[in-house]
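I have placed the structure first, in the form of structure tokens, so that the comments after it can refer back to it.
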Amino acid sequence: DEEFDELCFEFGLELDEITSEKDIISKEKGEEKAKGASDTVLYKIDVPANRYDLLCLEGLVRGLQVFKERINLPRYEKIIPAQGEGQRLIITEETVQVRPHAVAAVLRNITFTKERYDSFIDLQEKLHQNICRRRALVAIGTHDLDTISGPFTFTAKAPSEIKFKPLNQSQEYTASQIMDLYRTDSHLRHYLHLIENKPLYPVIYDSNGVVLSMPPIINGDHTKISVNTRNVFIECTGTDITKAKIVLDIIVTMFSEYCEKPFSVEAAEVVYPNGKTHIYPELAYRKEKVKPELINKKVGISETPSSLAKLLTRMCLKSHVIGNGNNIEIEIPPTRADIIHACDIVEDAAIAYGYNNIQMTIPKTYTIANQLPLNKLTELLRLDLAAAGFTEALTFALCSQEDIADKLGMDISATKAVRIANPKTAEFQVARTTLLPGLLKTIAANRKMPLPLKLFEVSDIVVKDPDTDVGARNYRHFCAVYYNKSPGFEIIHGLLDRVMQLLEVPPKEENGYTIKATEGSAFFPGRCAEIFAKGQSVGKLGVLHPDVITKFELTMPCSALEINIEPFV
């Protein structure tokens, strides 16, 4: 176990834990439920999200064997059948609205066992969750080719016109009934929304009108594969052609190992609505050149070009030195869609060299770190505000629209609030534009505490700003509230004077601060003032309006102060 843990680490993976089904169930549900579960040892391995080729046992073992130099990297080849004998998938123009892309391939004379079959199904599931973005970008269908006859048609029809027997069901349903059937299914209900509201549903037929699948929801029962299946027809449909190609390449390269002629895949022809044809899988090998000194410099090692080429070959990137050792030519196999740029190759060289073997050095540049001035000011302020008898609160940066608008007597459009596109809860719909609601909610949650309640917070607020590259801007605000039987305006006013004293801003017109009477929707009429400092308005203080207090479920008067502290940095 320790050796395997070490090997995983060297290969850039992490052996998360060594466990068994029994252990997992007893941890989650207690000893009772775990009775009768399997004791077989399971290795839980963490794989980086970009290495789709390691998501199944076949790929992982192959990768580790090549890494240990026990086997050479297999050469994947596609066999193009004689004219008219291969499988064809014809895409009709109706699919454009729902899922425009499809790719296909065939695994001929494959031999499954229980383990291989389980791994095959499991890989599809992992790809669905990962690169396929929960089937939104790509959906995979695998079918027993001997139960159907090509050419196949990928089209889209009205839900009422599609009728077939879904996988593992006993009777036929129309597409609309299938949707209702799976609405309660714990696994499939998460995918229904992908096509539910579309006028047409995607569907794949064979030449006799047998339904292979209704992507991305369910396959037909007629074509289901089993341990005894010998020829597998694989189709991937999706909204992203690049991802569909990668998914197809991964599945066929992982499982072509079990074909009669190992690592060979039978190609299929895809016919597009415009009449053009394309042969899939692409299984494209491509060459890249990287200079050895670049690898050495980026990683911080000094290896010879030939040893770097050997390191890369161990990472499934077959490499050799060309041009008097000036360059390394690297062949990138179809399994490695994650190699996009030279830096990906450098990273693999570093993994093969071993992160632990890279010598630690002191950096050539000395830099002296400093605290960000704004944060330094924030820290100093927090200390002195606490010394003034106020208690610090830390509240959520997100809140509901009501909190920052309706409850403060404002319109949401006037707040310039940044909205969350698909909020999980009503409590977190927008980013806060003021700290006041957070403090009032904190008081509401602490009404049992003895009065007076004196709270403050120094944190960021967010407002829309079209002039910034991200379209929004943060401001560091300071807010304090005083909640008691009487409003205590003088206490909040006194706190303002103390803060200005600490910031060394004198109470005068020039180069100082002044307060002027104003009106604010959240404040009591005639009890609100605007604070001017450094020639600009920095905030407001005043007694809160009774409506605001009741909307936050409070019962006593309350005064508040909120200023932007950035001008004082």
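The values are calculated or read from the model by the stated rules, or taken from the named source; none is laboratory data. Just so it is clear, the structure is predicted and the values come from calculations on it, not from any experiment. FYI the Cβ positions are ideal-geometry reconstructions off the backbone, even for glycines, and counts take in every protein chain you see. For accessibility, only protein heavy atoms count, side chains too; no ligands or nucleic acids. Shrake-Rupley method; radii C 1.70, N 1.55, O 1.52, S 1.80 Å.
In the set (1) in contact (Cβ under 8 Å) with a residue 24 or more places away in the chain; (2) farther than 19 Å from Arg382 by Cα, the condition left unmet by Pro450 is number (1). Answer with yes or no whether Asp460 is surrounded by fewer than 19 Cβ atoms within 10 Å (Cβ to Cβ) and not in a strand (DSSP E or B). No; evaluated as a whole, the condition is false for this residue. Looking only at residues of region 134-173 that are touching a helix residue (DSSP H, G or I) at 6+ places or on another chain (Cβ under 9 Å) and assigned to a loop (DSSP other than H, G, I, E, B), we find that the one that is farthest from Val96 (Cα to Cα) is Gln169.
Can we say Lys165 is open to solvent by 70 Å² or more (accessible area, probe 1.4 Å), touching a strand residue (DSSP E or B) at 6+ places or on another chain (Cβ under 9 Å) and modelled with pLDDT of 90 or more? Write out each step before concluding.
Working: open to solvent by 70 Å² or more (accessible area, probe 1.4 Å): yes; touching a strand residue (DSSP E or B) at 6+ places or on another chain (Cβ under 9 Å): yes; modelled with pLDDT of 90 or more: yes.
When the stated conditions are applied, Lys165 passes them.
Could you tell me whether region 147-163 includes any residue that is more than 19 Å from Ile91 (Cβ to Cβ), in contact with a Lys or Arg (Cβ under 6 Å, 6 or more places away or on another chain) and of a type in the set (Val, Ile, Thr)?
First pass over region 147-163, keeping only residues more than 19 Å from Ile91 (Cβ to Cβ): 147, 159-160, 163.
From what's left, in contact with a Lys or Arg (Cβ under 6 Å, 6 or more places away or on another chain): none.
So far as region 147-163 goes, no, none of its residues is more than 19 Å from Ile91 (Cβ to Cβ), in contact with a Lys or Arg (Cβ under 6 Å, 6 or more places away or on another chain) and of a type in the set (Val, Ile, Thr).
Checking each residue in region 225-242 for being in a strand (DSSP E or B) and farther than 16 Å from Leu127 by Cβ picks out only Phe233. Scanning region 423-438 for residues that are assigned to a loop (DSSP other than H, G, I, E, B) and more than 25 Å from Pro546 (Cβ to Cβ) yields Pro423, Lys424, Thr425, Gln429.
Note on region 467-489: among residues that are surrounded by 14 or more Cβ atoms within 10 Å (Cβ to Cβ) and charged (D, E, K, R), the one that is nearest to Asp384 (Cα to Cα) is Arg476.
Residues that are among the polar types (S, T, N, Q) number at least 1 in the following strands (runs of 3 or more DSSP E) confined to region 286-370: 318-322, 327-332.
Annotation: Ile492 fulfils all but one of (1) farther than 25 Å from Phe396 by Cβ; (2) open to solvent by less than 30 Å² (accessible area, probe 1.4 Å); the unmet one is (1). For region 366-400, filtering for residues that are without any contact (Cβ under 8 Å) to a residue 12 or more places away in the chain and either of a type in the set (Lys, Arg) or surrounded by 15 or more Cβ atoms within 10 Å (Cβ to Cβ) (or both) leaves 1.
Considering region 92-108 alone, what residues qualify as being under 30 Å from Glu257 (Cβ atoms) and over 31 Å from the mean Cα position of the chain (by Cα)? Passing the criteria: Val106, Leu107, Arg108.
State yes or no: is Ser319 open to solvent by 50 Å² or more (accessible area, probe 1.4 Å) and not charged (D, E, K, R)? In short, no. Within the set Pro450, Pro487, Pro466, the sole residue that is in contact with a Cys (Cβ under 8 Å, 6 or more places away or on another chain) and in a loop (DSSP other than H, G, I, E, B) turns out to be Pro487.
I need the full set of residues from region 400-431 which are among the charged types (D, E, K, R) and more than 20 Å from Gly520 (Cβ to Cβ), in order please. I'd like the intermediate steps shown before the answer.
Step one: list which residues in region 400-431 are among the charged types (D, E, K, R), which gives 402-403, 406-407, 411, 416, 419, 424, 427.
Once the filter is applied, which keeps residues that are among the charged types (D, E, K, R) and more than 20 Å from Gly520 (Cβ to Cβ), region 400-431 yields Arg419, Lys424, Glu427.
Within region 138-147, the set of residues being surrounded by fewer than 21 Cβ atoms within 10 Å (Cβ to Cβ) and in contact with a strand residue (DSSP E or B) (Cβ under 9 Å, 6 or more places away or on another chain) comprises Asp144 only. For region 247-279, a tally of residues being of a type outside the set (Phe, Trp, Tyr) and open to solvent by 40 Å² or more (accessible area, probe 1.4 Å) returns 12. Among the residues of this structure, Ile131 does not count as one that is in a helix (DSSP H, G or I) and closer than 24 Å to Ala49 by Cα. Give the residues of region 120-131 that are open to solvent by less than 20 Å² (accessible area, probe 1.4 Å) and over 16 Å from Val252 (Cβ atoms), sorted by residue number. His128, the sole residue that qualifies. Looking only at region 193-209, residues that are in a loop (DSSP other than H, G, I, E, B) and closer than 14 Å to Thr174 by Cα come to 2 in all. Any residue at all in region 518-531 that is within 42 Å of the chain's Cα centre (by Cα), open to solvent by less than 60 Å² (accessible area, probe 1.4 Å) and over 18 Å from Lys407 (Cα atoms)? Checking region 518-531: not a single residue is within 42 Å of the chain's Cα centre (by Cα), open to solvent by less than 60 Å² (accessible area, probe 1.4 Å) and over 18 Å from Lys407 (Cα atoms). For region 401-422, a tally of residues being in contact with a Phe, Trp or Tyr (Cβ under 9 Å, 6 or more places away or on another chain), open to solvent by 30 Å² or more (accessible area, probe 1.4 Å) and in a helix (DSSP H, G or I) returns 1.
Listed by position, the strands (runs of 3 or more DSSP E) inside region 519-569 whose residues that are touching a residue at least 60 places away in the same chain (Cβ under 8 Å) number at least 3 are 558-564.
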